[in-house]
Amino acid sequence: MPAPSPEFGGESQAPGSEYFPESDFLESGSMATELVGPGGIADGQVRELEGLHILDPDQVPADAIKKRLGLGFYISAGWVALVAIMAALAPYLPFLKNPSKVSSCLKCSASSAHWFGTDALGRDIFSRIVWGGRVSLTVGVTSIIFGLIFGGIIGLVAGFIRGRTEGFLMGCMDVLLAFPALLLALAIITFSGNNTVWVISLAIGVGAIAPIARLVRASTLITGGKEFVLASRTLGASQARIIVREILPNVVLPVLSFAIIGVAVAIVAEGGLPSWACPSLRPPPPGAA
Amino acid sequence: MRFVRKKVTQLLLVLLAVTFLSFLMINLLPGDPAQVICGISCDQAGLDQTREDLGLNDPIPVRYVNWLKDALTGDMGSSAINKQPVSDAIKERLPVTLELLIYSQFIALVVAIPLGLIAAQRSGGIFDRVSTTVAFGLLAIPSFVVAIVLILIFAVNLGWFPAVGFVPFTENPAENIRYLFLPALSLAVAELAVYMRLLRTDLISTLQEDYITMAKAKGISSRRVLMRHAFRPSTFSLITVAGLNFGRLIGGAFIIEVIFALNGIGRYIVTSILSRDYIPVQGGVVVVAVAYVLINFCIDMLYAVIDPRIRHARAIA
């Protein structure tokens, strides 16, 4: 893969320029020119723009459009949606019971009163699953978002700037990978002294940084060698602009598919943490409201 | 040779960084090692004395260098709780974890490679689609659930394998395999799904290369093309991921070790963390990190064995 020419190596960027890339080289008359004008626009709109850019038909491989989404897709998507909606609405669903409320019915089998039966303390298992799902989903998504932010930035910078920066950043990632992830997670939880959802997400998310950084770097290297990046550079686009407008949209797709699987991995990882560290597995004291 | 030298330097740097970071982290954790060693009924004078004896009053970098000096001579300190030297504990526990991992990788590869080959040969066919679905199903089940279900079926209901326990390989190899079969299988289930998918994907792209068309044009049977021409260059991702898994599981198989009551490294580290016994944690981290880095190194070397093109590229560079 060709390295970026040295004249781009030391170019300094005005603060905030990544949000307001120079618009001079955009095709005149495009919606983007109007929105990313020198007047500046809100962050949210820039993100929407990026969204449009990702969904641009040219960016999506042709066969991905032609391929029909089969029945399997709708079943899976429907199930995920059902779980997510149930978890999100758990406090408002009338058929859910208080997950820590004990009843006189100990270890009952499934019935109309207790859909999945009750546990040894008489708590409704179905309600406990739904409430536990809230924790699992939050931890899964938050930890991967955390990994995406840090891993993504590190990978983009390493893959684009190359040279010593890349060596240093990837060396750090090697150290992080060699470090036992479990120990790191336990250490973060123990050190912070509490085991809220956010701390656990952080603890698991740290483990996601290095793999994501590696993937982003690899995708950045591949994209960085493509002709349209060279074209953009030839037109005099700034480094920040090339990263945000040319490279990022091409890196997002593979990374996103990795990240979605990562959510599932993170949920399983959270289930594997020792129960004292893990809020969804820790049984509340009997009789607690 | 230049490549090997560069890699060895890198390896040493990573090891230094990992050991220093873990040392730092363990020292930042709440809990006082002196309190653990001296006991609960220890007074202030006793605590100070213990700290002095342990060298805990020195600054962290000094303590790290002291620890490193001792570790290089094989002395990694000893547990504050049962006074067992860390190096002895590791000598005792590392074989358990290694045997477990070798068996699980063996099971995973032996099942995954033929399935991947068949799936890739007729990609999009009925076998490919069924195996894909099954693979995703297996991936979705956490290993601790697999372990409990396997115990229920094979240990409790059928009584074919013991549910817990361990017999050293040197004492009785057959019993050793029998005891480790269920834990190894629990680890292998999710891995074989990943391995199968990786091999299948790589094989399909290899099969589109020109030299495969060439081999077919020469009239070589498709079976032989698959085995002799396509298989070897398609094993890169498989070897990488299998190696990384192995490295990750040396410290990360603790759930399985706990369920099957195996005295492995992962369990050693976790119980030490939980009892605030930090010297064994440090030793365990070193073992895991060394193993991880060494495995990565071996994978890099294996690339050159698999693909002569890499060997030539390295020789030129």
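The values are calculated or read from the model by the stated rules, or taken from the named source; none is laboratory data. What you are looking at is a predicted structure, and each value in this text was computed from that prediction instead of being measured. Methodologically, a virtual Cβ is constructed for each residue, glycine included, from the backbone with ideal geometry; neighbour enumeration extends over all protein chains shown.
Considering each of B:ARG224, B:ARG200, B:ARG178, B:ARG228 in turn, give the residue that is in a helix (DSSP H, G or I), more than 13 Å from chain A (Cβ to nearest Cβ) and touching a Pro at 6+ places or on another chain (Cβ under 8 Å). Write out each step before concluding.
Values: B:ARG224 fails: touching a Pro at 6+ places or on another chain (Cβ under 8 Å); B:ARG200 fails: touching a Pro at 6+ places or on another chain (Cβ under 8 Å); B:ARG228 fails: touching a Pro at 6+ places or on another chain (Cβ under 8 Å).
After applying the criteria, what remains is B:ARG178.
Out of all the residues in region B:253-270, which are more than 13 Å from every other protein chain (Cβ to nearest Cβ) and buried (at least 23 other Cβ atoms within 10 Å of the Cβ)? Break it down into steps so the answer makes sense when it comes.
Going residue by residue through region B:253-270, those that are more than 13 Å from every other protein chain (Cβ to nearest Cβ) are B:260-263.
If the condition is that a residue be more than 13 Å from every other protein chain (Cβ to nearest Cβ) and buried (at least 23 other Cβ atoms within 10 Å of the Cβ), then B:PHE260, B:LEU262 are the ones that fit.
Whenever a residue of region A:248-275 is over 18 Å from A:PHE146 (Cα atoms), its partners that are buried (at least 19 other Cβ atoms within 10 Å of the Cβ) and of a type in the set (A, V, I, L, M), lying with C-beta atoms within less than 7 angstrom and at least six residues away or across chains, give the pairs A:GLY272/B:ILE255; A:LEU273/A:ALA185; A:PRO274/B:VAL270. Candidates in region B:105-152 are the residues that are in contact with a Ser or Thr (Cβ under 7 Å, 6 or more places away or on another chain) and within 12 Å of chain A (Cβ to nearest Cβ); of these, the one that is surrounded by the fewest Cβ atoms within 10 Å (Cβ to Cβ) is B:VAL146.
Counting only residues that are under 22 Å from A:ALA90 (Cα atoms) and of a type outside the set (Gly, Ala, Ser), region A:133-162 holds 7 of them. Restrict the check to region A:171-194 and report whether at least one residue is away from every other protein chain (no Cβ under 11 Å) and over 19 Å from A:VAL265 (Cβ atoms). So far as region A:171-194 goes, yes, one or more of its residues are away from every other protein chain (no Cβ under 11 Å) and over 19 Å from A:VAL265 (Cβ atoms).
So that you can scan it fast, the table gives a plain yes or no per residue for (1) away from chain A (no Cβ under 11 Å); (2) part of a helix (DSSP H, G or I):
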site: B:GLN208; (1), (2): yes, no
site: B:MET214; (1), (2): yes, yes
site: B:GLY243; (1), (2): yes, yes
site: B:ARG276; (1), (2): no, no
site: B:LEU302; (1), (2): yes, yes
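B:PHE23 meets all of the listed conditions (1) in contact with a helix residue (DSSP H, G or I) (Cβ under 8 Å, 6 or more places away or on another chain); (2) at pLDDT 75 or above; (3) more than 14 Å from chain A (Cβ to nearest Cβ) but one, namely (3). Yes or no: A:GLY72 over 29 Å from A:ALA185 (Cβ atoms), exposed (fewer than 12 other Cβ atoms within 10 Å of the Cβ) and more than 19 Å from the chain's Cα centre (by Cα)? Yes, satisfied. Of all the criteria given as (1) crowded, with 19+ Cβ neighbours inside 10 Å; (2) farther than 18 Å from B:ALA108 by Cβ; (3) among the aliphatic types (A, V, I, L, M), the one not satisfied by B:ALA155 is (1).
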